[in-house]
Amino acid sequence: MTAGPREAGGYALGELARIAGAELHGDPEVVVSGPETLEGAQAGQITFLSNPRYRKRLAATAASAVILSPSELEHCPTNALVTDNPYLAWARVLRCFAPAERTSPGVHAAAVVSSKARLGEGVTVEAGAVIAEGAVLGRGVHVGPNCYVGRDVTVGDQSRLVASVTLLDGVRVGRRCLLHPGVVVGSDGFGLARDGARWEKVPQLGSVVLEDDVEVGANTTIDRGAIHDTVIRRGAKLDNLIQVAHNVEIGEDTAIAACAGISGSTRIGARCTLAGGTGLVGHIELADDVHVTGFTMVTHSLKEPGVYSSGLAAVPHGQWKRNAPRIKRLDEMSKKIRELERAIERLRGESGSG
Amino acid sequence: MTAGPREAGGYALGELARIAGAELHGDPEVVVSGPETLEGAQAGQITFLSNPRYRKRLAATAASAVILSPSELEHCPTNALVTDNPYLAWARVLRCFAPAERTSPGVHAAAVVSSKARLGEGVTVEAGAVIAEGAVLGRGVHVGPNCYVGRDVTVGDQSRLVASVTLLDGVRVGRRCLLHPGVVVGSDGFGLARDGARWEKVPQLGSVVLEDDVEVGANTTIDRGAIHDTVIRRGAKLDNLIQVAHNVEIGEDTAIAACAGISGSTRIGARCTLAGGTGLVGHIELADDVHVTGFTMVTHSLKEPGVYSSGLAAVPHGQWKRNAPRIKRLDEMSKKIRELERAIERLRGESGSG
Amino acid sequence: MTAGPREAGGYALGELARIAGAELHGDPEVVVSGPETLEGAQAGQITFLSNPRYRKRLAATAASAVILSPSELEHCPTNALVTDNPYLAWARVLRCFAPAERTSPGVHAAAVVSSKARLGEGVTVEAGAVIAEGAVLGRGVHVGPNCYVGRDVTVGDQSRLVASVTLLDGVRVGRRCLLHPGVVVGSDGFGLARDGARWEKVPQLGSVVLEDDVEVGANTTIDRGAIHDTVIRRGAKLDNLIQVAHNVEIGEDTAIAACAGISGSTRIGARCTLAGGTGLVGHIELADDVHVTGFTMVTHSLKEPGVYSSGLAAVPHGQWKRNAPRIKRLDEMSKKIRELERAIERLRGESGSG
């Protein structure tokens, strides 16, 4: 029998197992008061093991419960919540312990909301936020302090702009999106036409669409399209300080780590991952299920799923200084090798060997 | 005979040809209602062809008019606006169709403007903006929501701070500049003096000057100079998420793509282009007309115009993993090749050949 | 005898020598009105020489005083302030000439301060700033325009948030910290668990701790920890546009230049320096006194102090295009060299030489 929802001071393991979608091996009535790391957990806490390299710590844990995979169960010294995806179960358990929302719906007296904006039920607008005319905020939308929601912007139900988020005119945000501080959506794409030595600005008339369940990290920028829209598809997740240029399309459930840059008109498929510091040139396409490792520059379309790289790993500086400049002579080295091969062929011929 | 300015629902081609500086081959009275891509255009729309690789799409376009170069005219199935610079003509046509400014000049009741600031004719200050004492805003300047204009800042006529732009004390912005959301101008340069193991901050007493017609992309940061000013010259264009360190000078009409970083005291000439993700070390100079390709690090002055590179392009991960680590042994490989050459010389000598 | 503090129009050299901790060679009563570069300095100004490559300029300087090291003294044509660390002395002299703070303590009428926040003596809160309930600001704290200080945030004595800084709920900032515009502290870490093809957000329950004397550059982002806190230790200095992911720890007096990215759970030791554009993967450790040069990606723990590199320097594009792609064939080249060595061995055996 599982315990009821949240006991005084915590959750019963039976209840957490149900929430986590895990199978409980142990006492369902044991109550845990909070989550901790495998190393730091004390009695009364719950933890998880997802990376096998931390297995050593499992035997020594003082936690009252551990979320883990079937193969680790035999090493578990305490109650276990067993599942094939411990990290997912962990995410669900953490959600139980996340602090409750402390803002009440309503518009703060120090917010500025146009009389021509439409706010759904349960919308929160915090101090210093500005909502322009024509903006439409769905039910339960939360606009944090010092955000700007431009003209005719739409924000879907339950989406949240944490703080200092800027959505420029006409941007469309789906439901359950989460936009972290400093995010800018709808800035002009970098469109410039040469007029002799000078640059003429190319007006950017498209907009940006974020579909449902998109998360955008702090200080990430997403430019509006030139003619059509820049599109971030359902469930895509962007980390901090990422640049998304005009006309880009990012596929469903694709995740992009911090400091990546996507140049204009590039299309990224579904379920891709781009590691930190990656860069994509413009006007290329990445197929679904493409994975790009850290510090890699992608200069051509990648039409096959798979893992791609061009990042170089740090070595001691002296070693690097001696070796890296030789890249500039690789062509010469390659030619010399070919010459040597030919010379040896000739010598072999002469010596009658080979 | 050309049509008058903007017909109901659009522009006559004769008028657009005049605006675009192009030669019309077709009917000047045909009216187009808006711009579209070559692929997406329908009857009643205008489009352009600038990149020859899209020529195939030209024959099939349903557009009522296409802006293109003389060499493409023979392939055009509809009215043509012919010019040597189709992309520039396109920029001008787009300007006709850009949405009209919807803010009326004036200071919003929820803006804060110091009584010691001076505002020119036709200035707009939107809600949440703060203008400090001594600031001087020229005619037609537009300060968007949640911007901060610091003490003694000057902003030239017709410049626009889109939203959440921060100009710190003493910064000087020229005329017709465009600063996108999240831009920071005048933050302290990263000046640190060692005091034993600790760092002593080196006060940054210079400022930043943006000359006329400078555009700065979202969340780009430009630090103030240490003693003198950081200077961005007339017509320079900066994309999003760029770092410009203290004392840097960026030349006229130079364009820098997103995620680039320019270290302190480096000077970039006129008409340069830096592609995305490039980095320049400090205290170097780039001549006029230097072009740097993506992901390139510039570690020495580049005194000659030209194109420079050091970025590496993505390949399948397995291939990369097998090859890239060998860079660490290039010196050794090079020496072995030399040894082989000598060995072959000797063998040749012995065999009497060569 | 040294002059008193700040003469009309400047400082006497005797006084400045005392402040700088330098030995004066010259007239203590000469008054200087301000600092300048070695090249630009006129009579009545003070300058410094720290980098020997500018020695040539010393002989020609018109400055009334130069801060320099003992070894440069013989080349100095004017009054000299002699010290083993001229740049540190320069920092101290500059501090004398830095413009005085022009804001008076107090809460601006257009700021929003929760009645449940606690403000120490001499706190300044500028227009547009929002201070949430439970926030505690120490003595002399300065919160600039449009900043947001979240719930239960603590900010130590004399710390300054310059403008548009966002500190999310529960963040703890030490004393004498300096946070530049656009800084975001406490955004969610990028924690995602796979749920089939979709991503489930992993709640981020930790916070961020900035110890005393930390400086954070414009638009830099520091994510909150997943369970424990992200920690920036005393005296660490971060430049602009840096990403610090969840659970990272940055050691005391470590300095990180712009555009660097530190992935999750990585620990950086004390007194390290990371140059611009560097990237560290997650879950690694850098020992104390590790120095990483520009554009380097660190993929493994660096357990020994020293300098590490993997960045490549720009060369003319034609040269690069001919050589860099050959990296993809390095393994093959290496194998060919080995074959050649063996072939030569065989030839030598046959010819009876070697």
Calculated from backbone phi, Karplus (6.51, -1.76, 1.60) coupling profile of segment C:41-50 in Hz, x at Gly/Pro: 5, 10, 4, x, 10, 10, 9, 8, 10, 10
Percent of C-alpha pairs per 10 Å bin, segment B:289-354, short to long: 16, 23, 25, 21, 13, 1
Euclidean distance between Cα centres, segment A:73-95 to segment C:13-44, Å: 67
Long-range amide H partners of A:Thr220 with built H, under 5 Å: A:Val183, A:Val184, A:Leu241, A:Ile242
Other copies of B:Asp84: label-to-label distances in nm, shortest first, labels 7 Å along the beta-carbon direction: 6.6, 6.6
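With the cut-off at 15 Å, report for segment A:96-186 the share of all Cα pairs above it, as a whole percent.
When every Cα pair of segment A:96-186 is considered, 52 percent fall beyond 15 Å.
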Chain C - percent relative contact order, Cα under 8 Å, separation 6 or more: 6
Amide proton proximity set for A:Val130, modelled H, under 5 Å, gap of 5+: A:Val112, A:Cys147, A:Tyr148, A:Val149
Segment C:107-308 pair-distance distribution - Cα-Cα, 10 Å bins, rounded %: 10, 36, 31, 17, 5, 0
Highest-MSF residue in chain C out of C:Val315, C:Val307, C:Val143 [GNM, Cα springs under 10 Å]: C:Val315
Approximate spin-label separation A:Glu350-B:Glu133, in nm, with each point projected 7 Å along Cα-to-Cβ: 9.1
Under the Karplus curve 6.51 cos²θ - 1.76 cosθ + 1.60, θ = phi - 60°, whole-Hz ³J(HN,Hα) for segment C:108-114, x wherever Gly or Pro sits: 5, 4, 9, 9, 10, 10, 4
Karplus-derived 3J(HN,Hα), 6.51/-1.76/1.60, for each residue of segment C:304-319, Hz, glycine and proline x: 10, x, x, 10, 10, 8, 8, x, 10, 9, 4, 9, x, 4, x, 5
Prolate/oblate/rounded label for chain B (Cα gyration tensor, a/c 1.5): oblate
Principal semi-axes in Å for segment A:87-143 [√(5λ), Cα gyration tensor, largest first]: 30, 13, 9
Nonlocal amide H pairs with A:Arg194, under 5 Å, H built at 1.01 Å: A:Glu200
Gaussian network model of chain A, Cα within-10 Å springs - most flexible of A:Glu211, A:Glu252, A:Glu29: A:Glu29
Separation between Cα centres of segment C:231-251 and segment B:277-316, rounded to whole Å: 28
Value at 222 nm in deg cm²/dmol, rounded to 500, when DSSP H runs of n ≥ 4 in chain B each add -39,500 (n - 2.57): -4500 deg cm²/dmol
Label spacing, shortest first and in nm, from B:Asp331 to its equivalents in the remaining copies (7 angstrom along Cα→Cβ): 2.5, 2.5
Distance between modelled label sites at A:Ala109 and B:Lys116, nm, 7 Å Cα→Cβ extension: 2.9
Separation between Cα centres of segment B:145-167 and segment C:159-201, rounded to whole Å: 25
Zone residues, segment C:323-340, relative to B:Glu339, backbone N less than 15 Å from point 7 Å out along Cα-to-Cβ: C:334-340
Links that overshoot a 28 Å alpha carbon limit, given the list A:Lys336/C:Lys303; A:Lys336/C:Lys328; A:Lys321/B:Lys303; A:Lys336/C:Lys321; A:Lys321/C:Lys336: A:Lys336/C:Lys303
Alpha-carbon radius of gyration plus Dmax, which is the widest Cα pair, for the protein assembly as shown in Å: 31.1, 99
Net charge over other residues, Cβ less than 12 angstrom from the Cβ of C:Ala80 (K, R count +1; D, E count -1): -4
Label distances, nm, B:Gly9 versus same residue in remaining copies, Cβ-directed 7 Å point: 7.6, 7.6
Long-range Cα-Cα pairs in segment C:11-97 (distance over 19 Å), rounded percent: 22
Hits among lysines - C-alpha to C-alpha of A:Lys116 under 17 Å, sequence gap 8 or more where chains match: none
B:Met297, C:Met333 arranged by Cβ crowding within 10 Å, fewest neighbours leading: C:Met333, B:Met297
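No value in this document is a laboratory result; all are computed from the given coordinates. The model shown is predicted, which means the values in this text are computed figures rather than measured ones. Because the Cβ atoms are built from the backbone with ideal geometry, glycine has one as well, and the counts that use them run over all protein chains shown.
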